[in-house]
1. Which one of B:E41, B:E58 is more than 20 Å from the chain's Cα centre (by Cα) and either farther than 29 Å from B:Y111 by Cα or of a type outside the set (D, E) (or both)?
2. State whether the residues of segment A:76-83 include one that is assigned to a loop (DSSP other than H, G, I, E, B), surrounded by fewer than 21 Cβ atoms within 10 Å (Cβ to Cβ) and away from chain B (no Cβ under 12 Å).
3. Is it true that A:V90 is more than 14 Å from chain B (Cβ to nearest Cβ), touching a strand residue (DSSP E or B) at 6+ places or on another chain (Cβ under 8 Å) and assigned to a helix (DSSP H, G or I)?
4. Filter segment B:293-331 for residues that are farther than 25 Å from B:S214 by Cβ, in a strand (DSSP E or B), away from chain A (no Cβ under 14 Å) and among the hydrophobic types (A, V, I, L, M, F, W, C) and give the result.
5. Report yes if A:T69 is away from chain B (no Cβ under 14 Å) and crowded, with 21+ Cβ neighbours inside 10 Å, otherwise no.
6. Please enumerate the residues belonging to segment B:221-258 that are within 17 Å of B:F132 (Cβ to Cβ) and of a type in the set (K, R).
7. Looking only at residues that are out of contact with any Lys or Arg (no Cβ under 8 Å at 6 or more places or on another chain) and within 13 Å of another protein chain (Cβ to nearest Cβ) in segment B:348-365, which one is farthest from A:V115 (Cα to Cα)?
8. If I ask for residues that are more than 14 Å from A:R12 (Cα to Cα) and either within 13 Å of chain B (Cβ to nearest Cβ) or assigned to a strand (DSSP E or B) (or both), which ones from segment A:30-61 would you list?
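Every number here is computed from the coordinates shown, using simple stated rules; none is lab data. This is a predicted model, so every value here is computed, not measured. Quick reminder, even Gly has a Cβ in these numbers, built from the backbone with ideal geometry, and neighbours come from all protein chains shown.
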Amino acid sequence: MKIIDALDVPYRTLNKLIDTVLLNNNEENIILKNIFGQRYIGRGLSYKNSLIQIYGTPGNDMASYMNGTKIEVFGNGQDAIGNTMNEGTVIIHGDCGDTIGYAMRGGSIYIKGNVGYRVGIHMKEYKNMKPVIVIGGKAGEFLGEYMAGGIIIVLGIDISKSEKIVGKFCGTGMHGGVIYIYENLEDYNFGKEVKKSEFNEKDVELLSKHIKFYEKAFSRNLEYLRIEKFSKYVAIGKNPYSNMYCNY
Amino acid sequence: MINKEGKVKIPSGCAITGIIDKNGNKFNGEDIIKSIALMHERSNGLGGGFAAYGIYPEYKDFYALHIFFDDFNIKIQTEDYIKKNFDIINSESIPTKKNPKIYDPPLIWRYFLNPKKDNIEKKEIDEKEFVFKCVMEINKNFKGAYIFSSGKNMGVFKGVGYPEDIGKFFLLDTYEAYIWTAHGRFPTNTPGWWGGAHPFTLLNWSVVHNGEISSYDANRRFVEMYGYICTLKTDTEVITFLFDMLIRKHNIPLKKAIKIVVAPFWDDIEKEIDPSLKKELKSIRSVYASALINGPFSIILGFEDGILALNDRIKLRPLVVATKDAKTYISSEESAIRVICNNPDKVWMPAGGEPIIALLKKEYR
């Protein structure tokens, strides 16, 4: 276990330091202390057995292009966490900003609290690679915008009755993937490319698996959540814009 | 000669931050510099600036004009015009400290002024309108002179460079204010020049802005009908003018002015249950259609009583708010708040179009 005090360390220096530690010293785990906004932490890392624990507020594009490392943040995250991430796990013990999981292609992101706008924008999947974002609290508008694949789960834990579990325009432009929300929402919350879908056993299995992970990661007992209360939303068509420029 | 705003288009984010002490306690510029400096990557060195409220208590009854001059010739011409319209209480070069990263500064002066009563009466307008007209006149017709701050007991300090260097250049650790706002610039459509840095001000209003206003021309044509002259051809300027027009000239309360610039969607108005509110929102959107600000933005509007932070309606730019005791912090990134306020009472991200208004407590105004 290597501990790095990141106070006043610029992001380039810090990320190179992390590379060096993982490569040369064969260190499996790193603790980063005093993180204030350093960007791109964990970018492109492919050390599948390594864990990076972060204390502070990591900057934008954390875990971008990540290929397999595990990152745990004890604090809030900022914007664009898991941008184009391929593999690995991100656990945030707090809230997060906008565009989490931007164009994410694989791996999983678990957020204890709330997230901002456009989370899961342009997520995609291919064969066995299916990215997953689990949101403990509520999500802002445009959740799953242009979503092409993968899974988004919104649990709505600890939100008050006046708060909306998901903002407007959910799934606008969606043409793949699936969104599970712990509430039955009215149609006007969604983009016109989204429809409600029936549940099957695989859905139950999948939700139970991720809820269990959440319970363990954040030491929360969620036995009171009832799987049948989730609503499932999918894309109406696979290719809604294929004729957009061909009809004239 | 370098190309100025409006002559060249450079396609290309910014950083904003703001602090208010609602008890009116003043603090120097060190914290705001530290906060904006943390977001160094959001700027590119082509503009940085600060607005500070409460910095001139000894001159609080006078208009403080901060002016950039290209040369002494235009300075003399401008001063002649100022002398005709104002009594000059004091004038001086704004103190700066040499910094290797800040080069080619213009002449930077400040004037504490009292408008001549006779001139105001001749024009049959109020004092603020008189000052407004003088500012417009100089910025339009005195080529090489640019008033970048014209309020009372407040001032703007800005220029080309990274904001932390601009802050040190202007010795902001020597000023004490109860509101500070700051901006780090990454010019998106125009090259950077000293006048084009944020904040953009008029009278006591100041605006720092991250984003790009796609409704600029519609907004510009609208404010021009009320005597505003957009001399900088940059989108942020028009936001400052819109707020001044709505609140000062049209006497619209701040909260209603916000409903105008980030008007609710027609779909949402249709869903409104309260008939009188529905009617009001419809009339706002009809009468002030051209004052709607569209395009991505997060802004902080500063004025003598407080600050307003606002996002565009679909939140295309980041904005984080935190509170600690009597202080409210606003920034593009949470880390830029935590670096100066380690243990905030509350941290959250407002929704798109949801205004955050932090005002001085009444007894301290």
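1. Working: B:E58 fails: either farther than 29 Å from B:Y111 by Cα or of a type outside the set (D, E) (or both).
Among B:E41, B:E58, only B:E41 is more than 20 Å from the chain's Cα centre (by Cα) and either farther than 29 Å from B:Y111 by Cα or of a type outside the set (D, E) (or both).
2. Going through segment A:76-83, the residues assigned to a loop (DSSP other than H, G, I, E, B) turn out to be A:76-83.
If we keep only those that are surrounded by fewer than 21 Cβ atoms within 10 Å (Cβ to Cβ) as well, we get none.
Within segment A:76-83, none of the residues are assigned to a loop (DSSP other than H, G, I, E, B), surrounded by fewer than 21 Cβ atoms within 10 Å (Cβ to Cβ) and away from chain B (no Cβ under 12 Å).
3. On the way: more than 14 Å from chain B (Cβ to nearest Cβ): yes; touching a strand residue (DSSP E or B) at 6+ places or on another chain (Cβ under 8 Å): yes; assigned to a helix (DSSP H, G or I): no.
No: the conditions fail for A:V90.
4. Residue satisfying the conditions is B:F303 alone.
5. On the way: away from chain B (no Cβ under 14 Å): yes; crowded, with 21+ Cβ neighbours inside 10 Å: yes.
Yes; evaluated as a whole, the condition is true for this residue.
6. B:R248, B:K249
7. Just the residues of segment B:348-365 that are out of contact with any Lys or Arg (no Cβ under 8 Å at 6 or more places or on another chain), to begin with: B:348-350, B:354, B:356, B:362-363, B:365.
With the extra rule that they be within 13 Å of another protein chain (Cβ to nearest Cβ), the set shrinks to B:348-350, B:354.
On the way: B:W348: 10, B:M349: 9, B:P350: 11, B:E354: 16 Å.
If we take residues in segment B:348-365 being out of contact with any Lys or Arg (no Cβ under 8 Å at 6 or more places or on another chain) and within 13 Å of another protein chain (Cβ to nearest Cβ), then B:E354 is farthest from A:V115 (Cα to Cα).
8. Within segment A:30-61, the subset more than 14 Å from A:R12 (Cα to Cα) is A:30-34, A:45-57.
A:I30, A:I31, A:L32, A:K33, A:N34, A:L51, A:I52, A:Q53, A:I54, A:Y55, A:G56, A:T57, listed by residue number.
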